[in-house]
Amino acid sequence: MDVLHSDVRELWLVQSRDCAQDPVDLSYERARFILTVHGGHGARCHQYLAASACCFRRAAEK
């Protein structure tokens with residue numbers, strides 16, 4: 001199991017704190033992190049919507 005380094009975790013938390021902003025440079029790992037942090041925020045959370053779209057796209061490719 002890979003554990004996210006604390007510096008990376010803090011950076012991703014700061015960069016994704018605003019639900020009104022779209023995330024940039026979204027990797028699959030970062031998308032999963034954002035889903036965990038923003039889960040339950042609802043349809044107005046841009047962070048959650050972009051992260052779910054990224055994960056859905058990856059699942060569709062497999």
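The values are calculated or read from the model by the stated rules, or taken from the named source; none is laboratory data. Computed from a predicted structure; not experimentally measured. Methodologically, a virtual Cβ is constructed for each residue, glycine included, from the backbone with ideal geometry; neighbour enumeration extends over all protein chains shown. Each accessible area value is taken on the protein alone, full model and side chains, heavy atoms only, with ligands, DNA and RNA left out. Shrake-Rupley method; radii C 1.70, N 1.55, O 1.52, S 1.80 Å.
Within the set of pairs 6 or more residues apart or between chains, which connect a residue that is among the small types (Gly, Ala, Ser) inside the range 3-14 to a residue that is surrounded by 10 or more Cβ atoms within 10 Å (Cβ to Cβ) and assigned to a helix (DSSP H, G or I) with Cβ atoms less than 8 Å apart?
none
How many residues does the range 28-57 contain that are open to solvent by less than 90 Å² (accessible area, probe 1.4 Å) and in contact (Cβ under 8 Å) with a residue 12 or more places away in the chain? Steps first, answer last, please.
Looking only at the range 28-57, we keep the residues that are open to solvent by less than 90 Å² (accessible area, probe 1.4 Å), and these are 28, 30-31, 33-35, 37-40, 42-43, 45-55.
Now restrict to residues that are in contact (Cβ under 8 Å) with a residue 12 or more places away in the chain: 28, 30-31, 33-35, 37-38, 45-48, 50-52, 54-55.
The number of residues fulfilling the criteria is 17.
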